[in-house]
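Trainee: Pasting a structure below so you can have a look.
The values are calculated or read from the model by the stated rules, or taken from the named source; none is laboratory data. For clarity, every value in this text was computed on a predicted model and none was experimentally measured. Backbone-built Cβ (ideal geometry, glycine too); neighbour counts: all protein chains shown.
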Amino acid sequence: MNEMTVTRTRSEAFAERIGTLLDAGAVAAMISVGHRAGLFTALAGQRPETSDEIARRTGLAERYVREWLAVMVTGRIVDYDPAHRTYHLPEAHADCLVPGAALGNLAVYAQHVTLLGKLEDRIQHCLETGEGTGYSDYPCFHQIMAEDSDQTVKDGLFEVILPLVEGIDERLATGIEVLDAGCGRGHVLLALAERYPASRFTGYDLCADAIDHARNRALAAGLTNVTFEQRDLTGYSEPGRFDLVTSFDAVHDQKDPEGLIRGLKTSLKPGGVYLMQDIGGSAYLEKNMDFPMASLLYAISCAHCTPVSIGQGGNGLGTMWGWETAERMLEDAGFSSVNRHILPHDPMNVWFVSQV
């Protein structure tokens, strides 16, 4: 086989891969649509149904439901019986596509794919100019992140995550001061405030809309031991105020992540603890080839995490700044101990427990 033939064969194989990627991208976009329309929840646990039956039960337009279902069938997500023209979501598939799913609701992350499409012009502008972005450039961002935080953090908060910090349940029950830095819509902090009425909780976030949402949720729940404040954490420090500080998927977006970690450390009382969660990928690209959803995470980084940092005047560490970078920053901040954890059910994230 000559060199030209070998090249042609490789090109054809690569073209097939590109076609597969394009097809998968279309399916991912429609997974997002189905998630937001509640279609996966509607299909889960149901007998096989026609598109008319599904449309009537969900209150959605049948013609569009039928076309959406065609994507799900050809994407091997929904089963189709041509003899009866019925559709069925297998239980094994529902296990990762509905709220509270056994394996986590992966449809939440499909929303990032559709968000990337909405941001294409802005990303192109950043590529050409080197400029950054602001949070207001991202429609529905806090809604997506709140859904992500609910299943990544809140759902396992009391059974899996807090036990990483020895003795923290007893301290929270007795009553301590807690800060969540970059709290977003505040779902985690609200859960903590409800569980531990003797403790006092504070949430800071740069975005006014997220803080307004958190305040309204706290008011509706009648929680008086939690406060939310819009605050730029650049240069942040409240020396010796808190017993526990948390941050969940928040540090790498900051203008000055290293400075924030130092400020959070100084804001802890003697014996205080910093619990930090972030993406668990490596700082080295070559080590992320088999990391779960690495391409999606780098895409989110290119479209959001990197330009948001640059837009604040930062260096733009990006989503995949790496657990090695995070660990070094924590050690350089002067914590007496820094312990890294990977939870068995969640290979995408890394958890650090750092003691003053």
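Trainee: I need a count of the residues in the stretch 138-148 that are modelled with pLDDT of 90 or more and touching a helix residue (DSSP H, G or I) at 6+ places or on another chain (Cβ under 8 Å).
Mentor: Counting residues in the stretch 138-148 that are modelled with pLDDT of 90 or more and touching a helix residue (DSSP H, G or I) at 6+ places or on another chain (Cβ under 8 Å) gives 4.
Trainee: Given the conditions (1) buried (at least 17 other Cβ atoms within 10 Å of the Cβ); (2) among the small types (Gly, Ala, Ser); (3) over 16 Å from the mean Cα position of the chain (by Cα), which single one is not true for GLY313?
Mentor: Against the list (1) buried (at least 17 other Cβ atoms within 10 Å of the Cβ); (2) among the small types (Gly, Ala, Ser); (3) over 16 Å from the mean Cα position of the chain (by Cα), GLY313 comes up short only on (1).
Trainee: Further, regarding this structure: In the stretch 30-50, which residues are more than 13 Å from ALA101 (Cβ to Cβ) and polar (S, T, N, Q)?
Mentor: Across the stretch 30-50, the qualifying residues are SER32, GLN46, THR50.
Trainee: Next up: Could you please find all residues in the stretch 238-260 being within 14 Å of MET329 (Cα to Cα) and touching a residue at least 40 places away in the same chain (Cβ under 8 Å)?
Mentor: VAL251, HIS252, GLN254, ASP256, PRO257, GLU258, LEU260
Trainee: Just checking, how many residues over the stretch 32-91 are hydrophobic (A, V, I, L, M, F, W, C), assigned to a loop (DSSP other than H, G, I, E, B) and in contact with a strand residue (DSSP E or B) (Cβ under 8 Å, 6 or more places away or on another chain)?
Mentor: Matching residues across the stretch 32-91 total 2.
Trainee: A further question follows. Which of the residues spanning the stretch 314-340 are touching a residue at least 60 places away in the same chain (Cβ under 8 Å) and in a helix (DSSP H, G or I)?
Mentor: Answer for the stretch 314-340, where residues must be touching a residue at least 60 places away in the same chain (Cβ under 8 Å) and in a helix (DSSP H, G or I): ALA326, MET329, LEU330, ASP332.
One line per residue, one yes/no per condition, for (1) among the hydroxyl-bearing types (Ser, Thr, Tyr); (2) closer than 28 Å to GLN230 by Cα:
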position: LEU119; (1), (2): no, yes
position: GLY130; (1), (2): no, yes
position: MET145; (1), (2): no, yes
position: THR152; (1), (2): yes, yes
position: LEU164; (1), (2): no, no
position: GLU170; (1), (2): no, no
position: ALA173; (1), (2): no, yes
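Trainee: Now for a different question. Say we look at the stretch 190-216 and pick out the residues that are in contact (Cβ under 8 Å) with a residue 40 or more places away in the chain and assigned to a helix (DSSP H, G or I); which of these is surrounded by the fewest Cβ atoms within 10 Å (Cβ to Cβ)?
Mentor: Among those residues, the one meeting the criterion is ASP209.
Trainee: Check whether at least one residue in the stretch 149-163 is touching a helix residue (DSSP H, G or I) at 6+ places or on another chain (Cβ under 9 Å), in contact (Cβ under 8 Å) with a residue 24 or more places away in the chain and among the charged types (D, E, K, R), and report yes or no.
Mentor: Checked the stretch 149-163: at least one residue is touching a helix residue (DSSP H, G or I) at 6+ places or on another chain (Cβ under 9 Å), in contact (Cβ under 8 Å) with a residue 24 or more places away in the chain and among the charged types (D, E, K, R).
Trainee: Would you please name the residue that is farthest from TYR109 (Cα to Cα), looking only at residues in the stretch 2-47 that are of a type in the set (S, T, N, Q) and touching a residue at least 24 places away in the same chain (Cβ under 8 Å)?
Mentor: Result: GLN46.
Trainee: Looking at the structure I just gave you, is VAL160 surrounded by fewer than 18 Cβ atoms within 10 Å (Cβ to Cβ) and of a type in the set (A, V, I, L, M, F, W, C)?
Mentor: Considered against the rule, which asks whether it is surrounded by fewer than 18 Cβ atoms within 10 Å (Cβ to Cβ) and of a type in the set (A, V, I, L, M, F, W, C), VAL160 comes out as yes.
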